[in-house]
């Protein structure tokens, strides 16, 4: 199922292009004149030392920050400003560094919340609940259960997410993003704070999502091993400026990248 | 050993999504409804119905309204009294202009006037959040309170500024006014409150409830999964005000029998808010618990003093009530911010394993 | 057309035709504004240091005033009563910190805000129980506060300036200067600013949050006492003051929650705006619009500048 709006892009074609984008907060330049593209069906990593502007870049793509200069072209449509609500409608979903789950709700409700855009039964039917509204709930519950199976979080369905350990919270958050059936999935440090086993699980999930659902993935990650293994192409930012762009091997050997990191590998 | 889920398997998602999935809960609910609709009118005294049940149901309805706005959507409102008043006065005007139409129809219709004002005062929520929005609701409260006295058209130009409820009938039984019996009034209120509670329950357990709670818990994330923040907040204002408006109309027509200026003042707003906090923010059953506790407190205190043989002035009881409520609010927020509803859940958990300790 | 004339033209004509009345109204507005600022000051103190929005500030004003008068009624000499009241306010600050703030230390702001509702109702009940619900006369003359008025001839009529109001303006100015000095120059003042900035950072340099909170609530209590005295001297000390004190909220919206100069400027704007509105436009709408006019003024400001006049623009980062 594809999200509404925009042209249908073939696999390998440019799904999203960032052109000469700049963003500053007061005097602080978060992103300076950055351009790169994201091809449909690939896994693209954005890496760089702390403060490089990676999260800001993600926030720009999904409409949370509006850049002062530059444009974004998504599925053939160019715009300079977009609200997060519109980004969601067009098929962009994301997760956050600090896990932005709805703490008052259970895992199941959080993921069901991700289906909101696709639930259409209006207020009248919601007041009655039996009939079309219930049928819609059940229909979406099926899809959500597929995601729960996929992420192996059946046991914690009914647990309020505030009580879950960090690793599981990240999985539920991924589930909520997947529930939107996005064309473009933005993951902000999905492996942060995980041990080796959890990282392997998460890597498997990301690969499966890309493989199985055909979702294009953009991820910010610090673990170089993960980046090299998972991604098709890599963009490197440093102090808000793009310093390299290519396949993992190309980037690995790039002197500017090595200098930026001072040779740090996880 | 009586209250357990063992052996109750759900084979469809529909059954799993039910509001009361546990059989014992469903039986309990059925028993409560039978007791309420049949037992009470037959067995309870006039005093009990007039002084306990009728107020309890009406205040619980208002609490449900405020809970939708504050408990589920996270928008703290101090305008409840004002919105209740809008419903009450709308009902009064409607029935005095069109006395032939059934009063229950007007009660249900008057809620929509509250809704209109609720949306109007909710418009600022596009740009203002948190404390600021609370102050905006305070503006609504003071403005509405002032209008109820100033706009004499509302009270049909009554010199004292008060309204007296005219007699209205249903199937030729008087249901409002001095001749209406407590049993009849109680049943009408019970029917309306049950219906509206059912609607509220349906809403909060479905898509709309999730949208509200998402806005409450983290509105930035809610926006990013496609929830339209502004429309969701306005819907909360709209529905919340409707419930408060109907509660206000019921209060004047079926409980007080009239209204004096100041009935819908800021104290009323705080009373309902305290019911919501103590009962449990974000819980419908909590609204009932909270209403019972806050409304019942002065009655229980008077009873306790009486039993101890102390002769306490009514004003002193009022002061002690204020102190107790204030202290209770602080205690509830410290010990169990989710209020009596959560306490009830914990009791049910313990019941699940009873008679074993764990 | 007639309505537009009444709203947009007529009031200004009235202002011009009786300039002495205009000045009188402006003065009344200034005085009310000064008193609103005092209450707002108490809010700002507490909010700056603990992030708590103390809804109970209004009832603290009443409570302080009642304690002072009540002690005097028992026969305690005026200034001794003043001293004892200060001790009582310290005790209140201590109890609030121990019983309310400490247990709720990590809760979201909205929970603490609601807790202050509980505090408000508790103090209302307690105050009424101990002091009775009747309004009381403030012991202004015993405290050597001036009475009477200066009548000034102006523009054909005259303007009457109550001496107590002038005293209020002077006292408020002194308080603001004292507070500014306190914040900038003293060790505790610096600690308060550190806590306002970041609890965690303040803790890590060894500042005791509990002590700071007691100090700040005590300072707010002193401000409440001064407010209670000045306001009580103008009219009387009664529980209805508590509702009027809520007018400090629009003041805070205008002036920002953390700015002392903002509280003063906001107070003046609200006070003057309210009095002008009530006097010149009030008759159009009916009397009593001062019960809500301040809030509407603040609301309108909010719609154009959500952070108030002096507040900082909030940039939310995820």
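The values are calculated or read from the model by the stated rules, or taken from the named source; none is laboratory data. Keep in mind the model is a prediction, meaning the values are calculated, not measured. Here the Cβ is made from the backbone with ideal geometry for all residues, glycine too, and neighbour counts use every protein chain on show.
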Problem - Filter result for residue A:23 (crowded, with 19+ Cβ neighbours inside 10 Å and more than 19 Å from the chain's Cα centre (by Cα)) - result: yes
Problem - Candidate set from the stretch C:114-140 (those that are out of contact with any helix residue (DSSP H, G or I) (no Cβ under 7 Å at 6 or more places or on another chain) and not in a loop (DSSP other than H, G, I, E, B)); member that is surrounded by the fewest Cβ atoms within 10 Å (Cβ to Cβ) - result: C:130
Completion exercise
For the stretch B:144-154, the count of residues that are crowded, with 22+ Cβ neighbours inside 10 Å and either modelled with pLDDT under 85 or closer than 30 Å to residue C:256 by Cβ (or both) equals 2
Practice task
Please indicate, with yes or no, whether at least one residue in the stretch A:2-22 is within 14 Å of another protein chain (Cβ to nearest Cβ), closer than 22 Å to residue A:242 by Cβ and not in a helix (DSSP H, G or I).
Solution key: no
Practice task
For residue A:190, indicate whether it is surrounded by 15 or more Cβ atoms within 10 Å (Cβ to Cβ), under 18 Å from the mean Cα position of the chain (by Cα), away from chain B (no Cβ under 14 Å) and under 28 Å from residue A:15 (Cβ atoms).
Solution key: yes
Fill in the blank from the handout: Residues of the stretch A:206-221 being free of Cβ contacts under 8 Å to residues at least 60 places away in the same chain and buried (at least 18 other Cβ atoms within 10 Å of the Cβ), in sequence order, are A:209, A:215
Handout entry: Evaluation of residue B:210 against (1) more than 23 Å from the chain's Cα centre (by Cα); (2) at pLDDT 90 or above (one fails), failing number
Key = (1)
Exercise for the section: Tell me, please, whether a residue that is under 29 Å from residue A:59 (Cβ atoms) and surrounded by 15 or more Cβ atoms within 10 Å (Cβ to Cβ) can be found in the stretch A:130-139. Expected result: no
Practice task
Using the structure shown, decide if residue B:293 is in contact with a helix residue (DSSP H, G or I) (Cβ under 8 Å, 6 or more places away or on another chain) and farther than 26 Å from residue C:131 by Cβ.
Solution key: yes
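Residue-wise test of (1) under 20 Å from residue A:45 (Cα atoms); (2) free of Cβ contacts under 8 Å to residues at least 40 places away in the same chain.
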residue: A:160; (1), (2): no, no
residue: A:163; (1), (2): no, yes
residue: A:166; (1), (2): no, no
residue: A:178; (1), (2): yes, no
residue: A:187; (1), (2): yes, no
residue: A:190; (1), (2): yes, no
Practice task
Using the structure shown, decide if residue C:236 is touching a residue at least 12 places away in the same chain (Cβ under 8 Å) and touching a helix residue (DSSP H, G or I) at 6+ places or on another chain (Cβ under 7 Å).
Solution key: no
Exercise for the section: Test residue B:105 against the criterion of being facing chain C (nearest Cβ under 9 Å) and assigned to a helix (DSSP H, G or I), and give yes or no. Expected result: no
Problem - Top-ranked residue in the stretch B:338-358 [being assigned to a loop (DSSP other than H, G, I, E, B) and in contact (Cβ under 8 Å) with a residue 40 or more places away in the chain; ranked as nearest to the chain's Cα centre (by Cα)] - result: B:338
Problem - Residues located in the stretch B:317-337, provided they are more than 7 Å from every other protein chain (Cβ to nearest Cβ), in a helix (DSSP H, G or I) and free of Cβ contacts under 8 Å to residues at least 12 places away in the same chain - result: B:331, B:335
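Rundown of residues vs (1) within 14 Å of chain C (Cβ to nearest Cβ); (2) in contact with a strand residue (DSSP E or B) (Cβ under 8 Å, 6 or more places away or on another chain); (3) crowded, with 18+ Cβ neighbours inside 10 Å; (4) part of a loop (DSSP other than H, G, I, E, B), yes/no style:
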position	(1), (2), (3), (4)
B:91	no, no, yes, no
B:95	no, yes, yes, no
B:111	no, no, yes, no
B:121	yes, no, yes, no
B:137	yes, no, yes, no
B:141	yes, no, yes, no
Practice task
Could you please let me know if residue B:290 is closer than 26 Å to residue B:28 by Cβ, within 19 Å of the chain's Cα centre (by Cα) and not in a helix (DSSP H, G or I)?
Solution key: no
Handout entry: Given (1) in a helix (DSSP H, G or I); (2) in contact with a helix residue (DSSP H, G or I) (Cβ under 6 Å, 6 or more places away or on another chain); (3) more than 14 Å from chain B (Cβ to nearest Cβ), number of the condition residue C:166 does not satisfy
Key = (2)
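This table checks each residue for (1) surrounded by fewer than 20 Cβ atoms within 10 Å (Cβ to Cβ); (2) not in a helix (DSSP H, G or I).
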site	(1), (2)
C:200	yes, no
C:210	yes, no
C:217	no, no
C:224	no, no
C:228	no, no
C:231	no, no
C:239	yes, yes
C:242	no, no
Practice task
Would you check which residues across the stretch A:46-68 are part of a strand (DSSP E or B) and surrounded by fewer than 21 Cβ atoms within 10 Å (Cβ to Cβ) and list them?
Solution key: none
Fill in the blank from the handout: A careful count of residues in the stretch A:78-128 that are part of a helix (DSSP H, G or I), within 8 Å of another protein chain (Cβ to nearest Cβ) and in contact (Cβ under 8 Å) with a residue 60 or more places away in the chain gives 5
Exercise for the section: Check whether at least one residue in the stretch A:64-77 is over 14 Å from the mean Cα position of the chain (by Cα), at pLDDT below 90 and within 13 Å of another protein chain (Cβ to nearest Cβ), and report yes or no. Expected result: yes
Practice task
Check the stretch B:297-307 and report whether any residue there is within 19 Å of the chain's Cα centre (by Cα), within 9 Å of another protein chain (Cβ to nearest Cβ) and assigned to a helix (DSSP H, G or I).
Solution key: no
Handout entry: Elements of type helices (runs of 4 or more DSSP H) contained in the stretch C:1-82, each with 3 or more residues being in contact with a helix residue (DSSP H, G or I) (Cβ under 6 Å, 6 or more places away or on another chain) and crowded, with 22+ Cβ neighbours inside 10 Å
Key = C:19-50, C:57-73
Problem - Scan of the stretch C:244-254 for residues that are surrounded by 24 or more Cβ atoms within 10 Å (Cβ to Cβ) and assigned to a helix (DSSP H, G or I), ordered by number - result: C:245, C:248, C:249, C:250, C:251, C:252, C:253, C:254
